[in-house]
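Trainee: Please find one structure pasted underneath; my questions will follow.
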Amino acid sequence: MANKKLNFWQTKTLAQMSQAEWESLCDGCGRCCLVKLEDEETGDIALTDIACRLLDNQRCKCKQYDTRHEIVADCVRLTPQNISQLKWMPKSCAYRLLAEGKDLAWWHPLISGNKETVHQAGISIQGKTVSEDNNLQPEDRIVSWFD
């Protein structure tokens with residue numbers, strides 16, 4: 001029986017990954033770019049259908065990825081050190097899954113070899129959001145599409 005070669009995400013911790021490996025973990029769902037509301041009493045997080053103004057709604061990609069932290073003050077920088085504390089990250093997120101010792105889903109581009117499978121599987125927010133530039137009330141835009 002031949003030995004099956006393991007992929008980098010199966011052999012390395014998040015902290016051991018190169019920058020390119022780390023970046024490739026993003027499945028392109030866009031969910032982390034949604035405006036979230038936190039209940040101050042319970043700590044529960046509610047997602048809205050309002051996306052960061054930098055998100056391209058059709059491509060589910062940041063329009064200013066390299067400078068997003070300078071443009072959007074509260075844009076969270078994901079790191080191996082903070083991913084476990086970010087409970088609002090989608091349960092399907094590769095960073096979260098790997099931090100929890102789980103494997104990637106079939107639709108993840110690293111598994112499928114196709115960047116479109118995240119959209120085909122209905123995991124992404126492609127075409128489902130409005131921009132925060134529309135000055136909408138987040139409390140009126142809470143959704144329960146995911147998780």
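Trainee: Within the range 58-78, track down each residue that is within 17 Å of ILE125 (Cα to Cα) and either more than 14 Å from the chain's Cα centre (by Cα) or among the aromatic types (Phe, Trp, Tyr) (or both).
Mentor: Selection gives GLN58, LYS63.
Trainee: Please go through the range 116-139 and give me each residue that is surrounded by fewer than 14 Cβ atoms within 10 Å (Cβ to Cβ) and closer than 22 Å to SER24 by Cα, ordered by number.
Mentor: Answer for the range 116-139, where residues must be surrounded by fewer than 14 Cβ atoms within 10 Å (Cβ to Cβ) and closer than 22 Å to SER24 by Cα: GLU116, GLN120, GLY122.
Trainee: Any idea how many residues of the range 107-147 are under 15 Å from PRO90 (Cβ atoms), among the hydrophobic types (A, V, I, L, M, F, W, C) and touching a residue at least 40 places away in the same chain (Cβ under 8 Å)?
Mentor: Matching residues across the range 107-147 total 7.
Trainee: Mind listing whichever residues of the range 76-91 are modelled with pLDDT of 95 or more and closer than 22 Å to GLN58 by Cα?
Mentor: Within the range 76-91, none qualify.
Trainee: Output the residue which, of all residues in the range 79-96 that are in a helix (DSSP H, G or I) and touching a residue at least 24 places away in the same chain (Cβ under 8 Å), is nearest to TRP145 (Cα to Cα).
Mentor: ALA94
Trainee: How about the range 87-98: which of its residues are surrounded by 13 or more Cβ atoms within 10 Å (Cβ to Cβ) and over 15 Å from TRP22 (Cβ atoms)?
Mentor: Hits for the range 87-98 are TRP88, PRO90, SER92.
Trainee: A further question on this structure: Any idea which residue in the range 92-116 is modelled with the highest pLDDT, counting only those that are among the hydroxyl-bearing types (Ser, Thr, Tyr) and within 15 Å of the chain's Cα centre (by Cα)?
Mentor: Out of the qualifying residues, it is TYR95.
Trainee: Say we look at the range 1-48 and pick out the residues that are of a type outside the set (Asp, Glu) and part of a strand (DSSP E or B); which of these is surrounded by the most Cβ atoms within 10 Å (Cβ to Cβ)?
Mentor: LEU34
Trainee: Looking at the range 63-75, is at least one residue at positive phi, surrounded by 16 or more Cβ atoms within 10 Å (Cβ to Cβ) and not hydrophobic (A, V, I, L, M, F, W, C)?
Mentor: no
The values are calculated or read from the model by the stated rules, or taken from the named source; none is laboratory data. Everything numeric here is computed off the predicted structure, so don't read it as measured data. Neighbour counts are summed over all protein chains in view; Cβ atoms, including those assigned to glycine, are modelled from backbone coordinates with ideal geometry.
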